[in-house]
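Structure first, commentary second.
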Amino acid sequence: MNRTTNSEANDQASAVSPVNSDQAISAHSTLSHASQGLVISAFFVAYAVSQIPGGLLADRFGARLVHAAATRLRTARSPSMPGWSAD
């Protein structure tokens, strides 16, 4: 049985936390802090806005179908995202 300690769990949680996302952006780009804030804010606004239509679609067509369609859409548009190449 693989057990993690509390400190390991905290390290793993902080590695994916949105709170640390500006540090991750800083390490890989030359964006100013204001630009980083704008990028992060745009991400969260888009995420929040998508919740209502996503919920309505899930109620109408089923969560599994909506999740599969969203995953396919996200996968299809990933190559168009800057900085997401497989170098």
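All of the numbers you see were taken from the coordinates with simple rules; none came from a lab. Since this is a predicted model, take the numbers as computed values, not measurements.
Side notes on the structure shown:
- Once the chain from THR30 to ASP59 is taken as fully extended at 0.36 nm per residue, the excess over their C-alpha distance is 6.2 nm.
- Full-stretch length increase - ALA69, SER41 - with 0.36 nm per residue and alpha-carbon distance subtracted: 7.6 nm
- Under the shape rule built on the C-alpha gyration tensor, where the axes satisfy a ≥ b ≥ c, the stretch 32-79 is oblate, since a/c reaches at least 1.5 while a/b does not exceed b/c.
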